[in-house]
Amino acid sequence: MAISAASNTSLMANAIRALAMDAVQQANSGHPGAPMGMADIAVALWSRHLRHNPTNPQWADRDRFVLSNGHGSMLIYALLHLSGYDLPMAELKNFRQLHSKTPGHPEVGITPGVETTTGPLGQGITNAVGLALAEKMLAKEFNIDAHKIVDHHTYVFLGDGCLMEGISHEAASLAGAWKLNKLIAIYDDNGISIDGQVAPWFADNTAQRFDAYGWNVVGPVDGHDVDAVDAAIAKAKLSTDKPTLVIAKTHIGKGSPNRANTAKAHGEPLGAEEIKLTRESIGWAHEPFVIPQEVYADWDAKAAGAKLEAAWDERFDAYAAAHPELAAEFQRRMAGVLPANFAQTAVDAVVAAHTKGETVASRKASQIALEAFTAAVPELLGGSADLTGSNLTNTKSTPAFRVEADGSANGGRHINYGVREFGMAAIMNGVALHGGYIPYGGTFLTFSDYSRNAIRMAALMKQRVIHVFTHDSIGLGEDGPTHQSIEQVASLRLIPGLDVWRPADTAETAVAWTMAIGNATRPSVLALSRQNLPYAPKKSLDEISKGGYVLSEPADIGLKKKARAVLIATGSEVQLALHAQGLLAAQGIAVRVVSMPSTNVFDRQDGKYKSSVLPAGLPRIAIEMGVTDGWWKYGCAAVVGIDSYGESAPAPVLFKHFGFTPENVVDTVKVAIGEARLKGGKR
């Protein structure tokens, strides 16, 4: 059913084409072809189906729109401007310029109305799967009887590039399995990419592919026939148990006499002469960045959007009257506010871990903490990429998520993602972007490489997404170098805005979870051990949350001398540092042991605190079963690490082979403080 009747769909589409070619030309950079080719599709969706309110981009029950082929960003910028969002023409003129609200690819939090940051192809459609999943799960949780407060669609535009990326397979397969009937993807089938006609290298039968995933497939339809696209979307909305792919045949650079249907239309300005010819071809007689008032009037969605939101407000008020506690809970969760008892739950979890002092693998310590947190924080939504029994991401409060034959969700809170690490990570981003859930998901640390770009995107978007990466070192043993993480922790620490935690015991793990759940603007990684880790006694629990703290002074083990060196360790290597401290003390050499579960968090502390933990003038020796490069920034005299790949053998054999023994740490310290020589006779 049409939300608004367009008096002149051709003019509406041509306004998009004009804005796209003018902005790209002015910036001398960008992608005009996709916006020009998809303009008619956009008219059909945005003027006749999309339920949104330009004056309130955060309305909870709005439809979500994702431009997965984000290089065509001028399409969404034109749509937002024309329909009434707070994106003035000055910002379109400032396309791709410093600090504008119209960056090269759409970025959430920068431009009002942009739901997710897109550009890395395939991730937008995968984010959309997460958005649609969150809608389905929230509807199951909060809709009661006739009260439907969660009832919206997720629409996504995508192109050939998105479908070529392997992540689209992971995402589409899960969307079909989950029967995400409110997910509607519109495929801009123009047959052109940067290298030209895609036919020689993209020969997939896309319709059959999506049919095999369990999707409805509508079309191909003429993507330049607004009524045909309108009808296809209307048909897609009737689905009760399947997502839908609408295949729309289009011409990239539609309207350009010499660039349409060519790779040149994809990623470079048309040029002044071609723009002049295009204006003549489409009958657009207006100066650059000039839109007639009658076209603005056709596009304006503010009044219709306000009416839609007002109607929802009435429904929500009725819901709140009938179910006040649920209404308050829905509002809390959509606002991203943690339960009132979260702080106490966190304190109890950390104190319990400290009191019990259990010797367990940190992956098990994670599950112990999760038992407390998932019981107290209902928005925690877990999952694993086919490694639940190894990652230990499931709890008593998180039964398995399943979808019934009729398409309804069962209310479960732990997702079996299958062997789809990249898909899981990007779907979690979509879930977080939707609101209402805090997603976490597990796999082995070495497979974080599959997930890396989605992890980076979570950091770029400042989303609260938690990655549980177990089997964090050569300590996993016989599986060998394919599964033994060497460089992963160090490389993840390099991602700006990502907090990486490698806890040493149950208390540090509980603190890591506390920090990850509590940080609304950062994703987090928990790197966890397969092998058991003894509890490290602590004088205080407060400083763990600072990322690094003094765990043991010489006096704590009976040596009344000032420390001559500092041992810095993470995770399982903290025990190695403590053991070496004891051996050194027996030789009269005093050292301090610092546990540094999160270098990222420690680095954000003030200078006074950091110097209190790592005093100037004392040699520092870092110990971590991974590459050594990242530790030199702390002014280390030596690093006990691994700058090669692992080996296949039992863990104790590997520890000795790679020098992760107390004796080697002792020798390293003695060289650092000048009481021993390096092998070969050198100091």
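For the reader, a short list of remarks on this structure follows.
- Only a single criterion out of (1) closer than 18 Å to ILE252 by Cβ; (2) assigned to a strand (DSSP E or B) is not satisfied by ALA18, namely (2).
- Every residue from the range 401-420 that is among the charged types (D, E, K, R) and either open to solvent by less than 20 Å² (accessible area, probe 1.4 Å) or in contact (Cβ under 8 Å) with a residue 60 or more places away in the chain (or both): ASP406, ARG420
- The strands (runs of 3 or more DSSP E) found wholly in the range 403-493 and carrying at least 2 residues that are farther than 23 Å from MET625 by Cα occupy 414-416, 438-444.
- Residue count, the range 402-458 (criterion: in contact with a Lys or Arg (Cβ under 8 Å, 6 or more places away or on another chain) and among the aliphatic types (A, V, I, L, M)): 4
- So LEU326, is it within 25 Å of the chain's Cα centre (by Cα) and in a helix (DSSP H, G or I): no
- Residue list for the range 66-112, restricted to those being under 18 Å from VAL156 (Cβ atoms), among the aliphatic types (A, V, I, L, M) and in contact (Cβ under 8 Å) with a residue 40 or more places away in the chain: VAL66, LEU67, MET74, LEU75, ALA78, LEU79, VAL108
- When residues in the range 551-571 are screened for being touching a helix residue (DSSP H, G or I) at 6+ places or on another chain (Cβ under 6 Å) and in contact (Cβ under 8 Å) with a residue 60 or more places away in the chain, 3 of them pass.
- Of all residues making up the range 463-478, the number that are surrounded by fewer than 24 Cβ atoms within 10 Å (Cβ to Cβ) and β-branched (Val, Ile, Thr): 0
- Listed by first and then second residue, the pairs with beta-carbon distance under 7 Å, at least 6 apart or on different chains, first residue in the range 628-646 and among the small types (Gly, Ala, Ser), second crowded, with 19+ Cβ neighbours inside 10 Å and in a strand (DSSP E or B), are GLY635/ARG620; ALA637/ARG620; ALA637/ILE621; ALA638/ILE621.
- TYR440 vs. criteria at pLDDT 95 or above, open to solvent by 40 Å² or more (accessible area, probe 1.4 Å), more than 30 Å from LEU238 (Cα to Cα) and among the hydroxyl-bearing types (Ser, Thr, Tyr): no
- Single unsatisfied condition, ARG452 versus (1) out of contact with any Gly (no Cβ under 9 Å at 6 or more places or on another chain); (2) basic (Lys, Arg); (3) under 22 Å from PHE401 (Cα atoms): (3)
- Residues that are touching a residue at least 24 places away in the same chain (Cβ under 8 Å), closer than 29 Å to GLN463 by Cβ, open to solvent by 30 Å² or more (accessible area, probe 1.4 Å) and more than 27 Å from the chain's Cα centre (by Cα) within the range 332-362 comprise just one, ASP348.
- The criterion of being over 21 Å from ASN532 (Cβ atoms), touching a strand residue (DSSP E or B) at 6+ places or on another chain (Cβ under 7 Å) and modelled with pLDDT of 95 or more holds for ILE455.
- Checking each residue in the range 294-309 for being open to solvent by less than 50 Å² (accessible area, probe 1.4 Å) and under 32 Å from the mean Cα position of the chain (by Cα) picks out ALA301, GLY305, ALA306, LEU308, GLU309.
- The range 182-210, residues that are within 17 Å of THR240 (Cβ to Cβ) and open to solvent by 30 Å² or more (accessible area, probe 1.4 Å): LYS182
- Scope the range 44-70; condition in a helix (DSSP H, G or I) and either at pLDDT below 95 or closer than 23 Å to SER193 by Cα (or both); matching residues: GLY70
- The set of residues in the range 484-493 being touching a strand residue (DSSP E or B) at 6+ places or on another chain (Cβ under 6 Å) and either open to solvent by 20 Å² or more (accessible area, probe 1.4 Å) or without any contact (Cβ under 8 Å) to a residue 40 or more places away in the chain (or both) consists of ARG493 alone.
- Applying the criterion of being in contact (Cβ under 8 Å) with a residue 12 or more places away in the chain and more than 22 Å from ALA34 (Cβ to Cβ) to the residues of the range 209-225, the residue that is farthest from the chain's Cα centre (by Cα) is ASN216.
- Which numbered condition ALA340 misses (of (1) among the small types (Gly, Ala, Ser); (2) more than 22 Å from LEU79 (Cβ to Cβ); (3) part of a helix (DSSP H, G or I)): (3)
- Taken over the range 77-92, the residue count meeting the criterion of being in a helix (DSSP H, G or I), in contact with a helix residue (DSSP H, G or I) (Cβ under 8 Å, 6 or more places away or on another chain) and open to solvent by less than 10 Å² (accessible area, probe 1.4 Å) is 6.
- The residues listed here are PRO496, PRO503, PRO481; of these, the one that is in contact (Cβ under 8 Å) with a residue 60 or more places away in the chain, open to solvent by 10 Å² or more (accessible area, probe 1.4 Å) and in contact with a helix residue (DSSP H, G or I) (Cβ under 9 Å, 6 or more places away or on another chain) is PRO481.
- Some residue of the range 240-260 being surrounded by fewer than 18 Cβ atoms within 10 Å (Cβ to Cβ), within 17 Å of SER193 (Cα to Cα) and more than 34 Å from the chain's Cα centre (by Cα): yes
- Given (1) within 22 Å of the chain's Cα centre (by Cα); (2) open to solvent by less than 50 Å² (accessible area, probe 1.4 Å), number of the condition HIS105 does not satisfy: (2)
- Identity of the residue in the range 494-510, outside any helix (DSSP H, G or I) and among the aliphatic types (A, V, I, L, M), that ends up farthest from the chain's Cα centre (by Cα): ALA504
- Beta carbons closer than 6 Å, at least 6 apart along the sequence or on distinct chains, pair a first residue in the range 280-306 that is among the polar types (S, T, N, Q) with a second that is in a loop (DSSP other than H, G, I, E, B) for SER281/GLY255; SER281/PRO257.
- Hits in the range 508-530 (condition: open to solvent by 40 Å² or more (accessible area, probe 1.4 Å) and within 25 Å of THR446 (Cβ to Cβ)): MET515, ARG522, ARG530
- Residue that is nearest to ALA616 (Cα to Cα) [pool: residues in the range 647-680 that are touching a residue at least 60 places away in the same chain (Cβ under 8 Å) and among the small types (Gly, Ala, Ser)]: ALA672
- Any hit, the range 449-462, residues being open to solvent by 10 Å² or more (accessible area, probe 1.4 Å), within 22 Å of THR118 (Cβ to Cβ) and of a type in the set (S, T, N, Q): yes
- Scan of the range 144-199 for residues that are within 21 Å of GLU268 (Cβ to Cβ), touching a residue at least 60 places away in the same chain (Cβ under 8 Å) and acidic (Asp, Glu), ordered by number: ASP188, ASP195
The values are calculated or read from the model by the stated rules, or taken from the named source; none is laboratory data. Everything numeric in this text was worked out from a predicted model, so none of it was measured. For neighbour counting, all protein chains shown are included, and Cβ atoms are generated from backbone atoms with ideal geometry for every residue, glycine included. Heavy atoms of the whole protein, side chains included, go into the accessibility calculation; ligands, DNA and RNA do not. Shrake-Rupley method; radii C 1.70, N 1.55, O 1.52, S 1.80 Å.
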